[in-house]
Amino acid sequence: MLLDGKIALVTGAGQGVGQGIALALAAEGAAVAVTGRTLEKLEATCALIAERGGRALPVVCDVKSTTSLEQCLAAVLGHFRGLNILVNNAQEVPLGSLQQVTDDSFTAGWESGPLATFRMMKLCYPHLKGDGCIVNLASSAAQRWDMSGYGAYAATKEAIRSLTRAAACEWGAEGIRTNVILPHAKSPGLAWWIDNKPEEAEEFIATIPQRRVGECEEDIGRFVAVLCSDASAYVNGQSIALDGGQANLG
């Protein structure tokens with residue numbers, strides 16, 4: 001297995017992309033701390049991992065709270081006695097036009113996105129030195145030809161890309177690789193969008209060269225598992241679009 005003996009922490013792993021990543025990491029042998037705000041969802045993900053013969057620990061965590069992040073990491077270290085992989089996935093999304101997005105919504109997106117990523121990377125840093133891998137989640141929204149309705153969202157995600165690049169440059173010599181993925185995946189939020197705005201969704205999917213949205217585990221999670229393995233030991237500081245070829249990051 002690619003990740004046999006590794007220990008991973010995945011935020012927002014109770015559903016969607018986070019769950020898909022947790023399942024894929026566990027399938028490659030990693031023990032996974034499944035974190036998020038809703039215990040029932042975390043336990044459901046852990047049950048799926050256990051059914052497949054893997055190891056998982058549910059840990060309730062609010063990424064907007066420094067205290068909660070500290071307690072989460074302490075629980076993971078106390079249970080698994082180490083950490084090799086950190087996946088910063090959880091984030092509240094501030095969607096809407098600039099006039100529509102409120103200060104509260106933008107602040108929540110900032111606190112749960114780049115600020116939480118910044119905090120969690122720094123908390124985990126001493127435990128990742130030597131053989132660590134960080135995967136952050138961003139978005140190709142900033143590459144859209146028309147960013148109407150996506151400005152606040154893209155701003156929080158672009159901040160995560162900048163933090164990722166800085167961590168890769170500053171910590172690479174200490175054995176920590178840091179990369180960011182920009183996925184299109186069948187998350188609950190995307191499913192809602194497709195159901196409620198089918199025409200807009202159809203037009204969007206038509207711009208994807210492969211003409212489909214990715215599967216959370218098969219397309220996104222499995223790639224993350226490879227990215228966190230020795231097979232990608234020289235990949236560091238990269239923004240990688242997992243979107244069927246839609247974005248051109250240039």
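A few notes on this one:
- Leading residue by the ranking (most open to solvent (accessible area, probe 1.4 Å)) among those in segment 120-146 that are farther than 23 Å from residue 36 by Cα and touching a helix residue (DSSP H, G or I) at 6+ places or on another chain (Cβ under 6 Å): 129
- Count of segment 149-179 residues, restricted to those that are open to solvent by 50 Å² or more (accessible area, probe 1.4 Å) and among the hydroxyl-bearing types (Ser, Thr, Tyr), is 1.
- Selection within segment 31-45 - among the hydrophobic types (A, V, I, L, M, F, W, C), without any contact (Cβ under 8 Å) to a residue 40 or more places away in the chain and crowded, with 24+ Cβ neighbours inside 10 Å: 32, 34, 42
- Selection count, segment 193-202, where residues are open to solvent by 40 Å² or more (accessible area, probe 1.4 Å), part of a helix (DSSP H, G or I) and closer than 20 Å to residue 154 by Cβ: 1
- From the list 182, 190, the lone residue that is open to solvent by less than 50 Å² (accessible area, probe 1.4 Å) and closer than 12 Å to residue 241 by Cβ is 182.
- Hey, residue 22 buried (at least 23 other Cβ atoms within 10 Å of the Cβ), at pLDDT 95 or above, within 13 Å of residue 88 (Cα to Cα) and of a type outside the set (Lys, Arg) or not: yes
- Considering segment 203-245, the residues that are outside any loop (DSSP other than H, G, I, E, B) and of a type in the set (S, T, N, Q) include one that is nearest to residue 146 (Cα to Cα), namely 239.
- Members of segment 211-235 that are open to solvent by 50 Å² or more (accessible area, probe 1.4 Å), closer than 27 Å to residue 165 by Cβ and over 14 Å from the mean Cα position of the chain (by Cα): 226, 230, 231, 233, 234
- Test: residue 113 is assigned to a helix (DSSP H, G or I), at pLDDT 95 or above and either touching a strand residue (DSSP E or B) at 6+ places or on another chain (Cβ under 7 Å) or under 24 Å from residue 16 (Cα atoms) (or both): yes
- Pair list, Cβ < 6 Å and 6+ apart or interchain, from segment 16-30 residues that are free of Cβ contacts under 8 Å to residues at least 40 places away in the same chain to residues that are surrounded by fewer than 24 Cβ atoms within 10 Å (Cβ to Cβ) and outside any helix (DSSP H, G or I): 26/54; 29/1; 29/4
The values are calculated or read from the model by the stated rules, or taken from the named source; none is laboratory data. Owing to the predicted nature of the structure, the values given are computational and were not obtained by experimental measurement. All Cβ positions, even for glycine, are placed from backbone atoms using ideal geometry, and neighbour counts span all protein chains on display. Side chains are part of the model used for accessible areas, which takes the heavy atoms of the whole protein and leaves out ligands, DNA and RNA. Shrake-Rupley method; radii C 1.70, N 1.55, O 1.52, S 1.80 Å.
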